[in-house]
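The values are calculated or read from the model by the stated rules, or taken from the named source; none is laboratory data. Computed from a predicted structure; not experimentally measured. FYI the Cβ positions are ideal-geometry reconstructions off the backbone, even for glycines, and counts take in every protein chain you see.
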Amino acid sequence: MMRSLYSGVAGLKTHQTRMDVIGNNIANVNTTAYKSQSMTFSDLMYQTTQAASGANPTTGVGGINARQIGLGAKTSAIKTAITTQGASQTTNDPFDIMITGDSFFIVNNGQNNYFTRDGSFYVDGAGNLAMTSTGYNVMGWQVDPNDASAIKQDTVSALRIMTTENMTYPPEATKAARISGIIDKNDTNVNATAGKIMNLEFYDNQGYKYTAKLSVHAVQGVEGQFTVQLDDILDSKGKTVLADKTKASLQQNNANVTNPVLEFNTTNGSFKNVGTAGGTASTLSLHFDAATFPSFSDITIDFSNCSNLNNNGSSTISPIRGDAKGNNAGRKVGEMSGIDIQKDGMIYANYDNGCSRLLGQIAVATFANASGLAKEGDNLYSATQNSGDFDGIGTDITTGGGYMNTGVLEMSNVDLSSEFTEMITTQRGFQANSRIITVSDTLLEELTNLKR
């Protein structure tokens, strides 16, 4: 039988395999984070009909090259363009995440870890972050039990981000407030009997809101001095809770005083001190009787941002909950209003009381040879001996210069123009190899006809 027949058959098989690779690429042109493959050929083997010989210096005869007849082609390699980034597709889903860089998400089916670039996630019925397609849990690091604002980078585990505890944020009593603005001595309000009214809203430790009605009065005949008094405390429905005014009072230096005084520098109108007339005090606080108001906390009030200046007869002084850094402002019970996943994979819960809580961090895996990963279907890969091992811990994506984007997914990196071009050359190659078989068959036919 003619060797060319077998060469043609080998050529048909390799071109068929190449067409299979091309067809798979085109089929996955819209598969999330799919990485295209390409196939290379190599010659199969050779039959040596005459070995090479060297030159003979005695006779002067030159050397002769070997005579070898090839027996076709074979598949040399099927490579995956795993490090080529796919384009981004906007989805506006906060749980759709795209990796920029060479890292992989880590997911687990309950027994084994797998790796994927497919960041289409959702939160399942148990509150776990999981793959939409397979339900496999997304793996990462948990919050440090000793520091709620830090992550403990340890062996990866399932990220359960919506638990009963995470759905709400606890209330906190207000412990600090600050008063800022201008007090104008010519303001008719500060010179009136009712004074300049200020409403300080605050929370108790159960998250209920109250309003402390304060008033500022000019000290008649004394330049730059104003008294402050507590007039009432109202609940959220506007009903007074201060039946006995001895149970709540303004204090200076942790001592009850009558009509505490704000004193300003008469030269430039800046705040000088808080104290009784002729005295000083470092703090002014709103004190509550513990037996009457067990859920309240004393509130330290900072007047250092006030000034006594001409403002055309209008005072702008007003209170704000919290200290200069916004701490100890108090809050109501917070209901979860959203999830925020940052570029480093940190997951935060946002609450309608303005607070946020760290829930965990998505870890990623990197490999010395990502092309060595084995495809497992469902957009999953597994580690092999040639890809490098996964240490069970993973890395922070920003360590290698990568980052995550939410609301977008990575698209397939298949280039249709290249695939169609490869399809044409593959078709022609297959066609040419089929002609080898046809012509070889014709030659064999002529040989069998010799016996006629």
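Here are the numbers for the structure shown:
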quantity: Residues that are buried (at least 20 other Cβ atoms within 10 Å of the Cβ) and more than 15 Å from Leu262 (Cβ to Cβ), drawn from the range 211-236; calculated: Ala212, Ile233
quantity: Unmet requirement for Asp184, which otherwise passes all of (1) farther than 30 Å from Pro94 by Cα; (2) among the acidic types (Asp, Glu); (3) in contact with a strand residue (DSSP E or B) (Cβ under 9 Å, 6 or more places away or on another chain); calculated: (3)
quantity: Answer residue from the range 199-243, given it is among the charged types (D, E, K, R) and over 18 Å from Thr300 (Cβ atoms) and is nearest to the chain's Cα centre (by Cα) among those; calculated: Lys209
quantity: Which listed residue is outside any strand (DSSP E or B), without any contact (Cβ under 8 Å) to a residue 60 or more places away in the chain and either over 21 Å from the mean Cα position of the chain (by Cα) or in the same structural domain as Asp396 (by TED's automatic domain parsing) (or both), from Ala290, Ala329, Ala324; calculated: Ala290
quantity: Residue match in the range 277-284 (condition: of a type outside the set (S, T, N, Q), at pLDDT 90 or above and buried (at least 18 other Cβ atoms within 10 Å of the Cβ)); calculated: no
quantity: Checklist (1) within 29 Å of Gly322 (Cβ to Cβ); (2) in a loop (DSSP other than H, G, I, E, B); (3) assigned by TED's automatic domain parsing to the domain that holds Asn312; (4) touching a residue at least 24 places away in the same chain (Cβ under 8 Å) applied to Met198, failing item; calculated: (2)
quantity: Any chance Asp144 is touching a Lys or Arg at 6+ places or on another chain (Cβ under 6 Å), in the same structural domain as Gly360 (by TED's automatic domain parsing), under 23 Å from Ile393 (Cα atoms) and surrounded by fewer than 18 Cβ atoms within 10 Å (Cβ to Cβ); calculated: yes
quantity: Of all residues in the range 354-379 being over 21 Å from the mean Cα position of the chain (by Cα) and aliphatic (A, V, I, L, M), the one that is surrounded by the most Cβ atoms within 10 Å (Cβ to Cβ); calculated: Leu373
quantity: Cβ pairs under 7 Å, 6+ apart, first in the range 433-452 and under 22 Å from Ala73 (Cβ atoms), second surrounded by 14 or more Cβ atoms within 10 Å (Cβ to Cβ) and among the polar types (S, T, N, Q); calculated: Ile436/Ser4; Ile436/Ser7; Ser440/Ser4
quantity: Residue match in the range 44-51 (condition: outside any strand (DSSP E or B), on the phi < 0 side of the Ramachandran plot and at pLDDT below 90); calculated: yes
quantity: Conditions (1) exposed (fewer than 14 other Cβ atoms within 10 Å of the Cβ); (2) under 17 Å from the mean Cα position of the chain (by Cα); number of the one not met by Gly110; calculated: (2)
quantity: Matching residues, the range 116-128, being small (Gly, Ala, Ser) and surrounded by fewer than 23 Cβ atoms within 10 Å (Cβ to Cβ); calculated: Ser120, Gly125, Ala126, Gly127
quantity: Segments classed as strands (runs of 3 or more DSSP E), wholly inside the range 355-452, with at least 2 members that are more than 30 Å from Thr31 (Cβ to Cβ), in contact with a Phe, Trp or Tyr (Cβ under 8 Å, 6 or more places away or on another chain) and modelled with pLDDT of 95 or more; calculated: 356-362
quantity: Selection within the range 24-73 - free of Cβ contacts under 8 Å to residues at least 12 places away in the same chain and closer than 30 Å to Gly407 by Cα; calculated: Ala27
quantity: Flag for Asp396 being free of Cβ contacts under 8 Å to residues at least 60 places away in the same chain, outside the structural domain of Ser38 (by TED's automatic domain parsing) and charged (D, E, K, R); calculated: no
quantity: Of all residues in the range 158-190 being among the small types (Gly, Ala, Ser) and part of a strand (DSSP E or B), the one that is farthest from Asn310 (Cα to Cα); calculated: Ala158
quantity: Met131 surrounded by 17 or more Cβ atoms within 10 Å (Cβ to Cβ), under 23 Å from Lys343 (Cβ atoms) and not assigned by TED's automatic domain parsing to the domain that holds Thr155; calculated: no
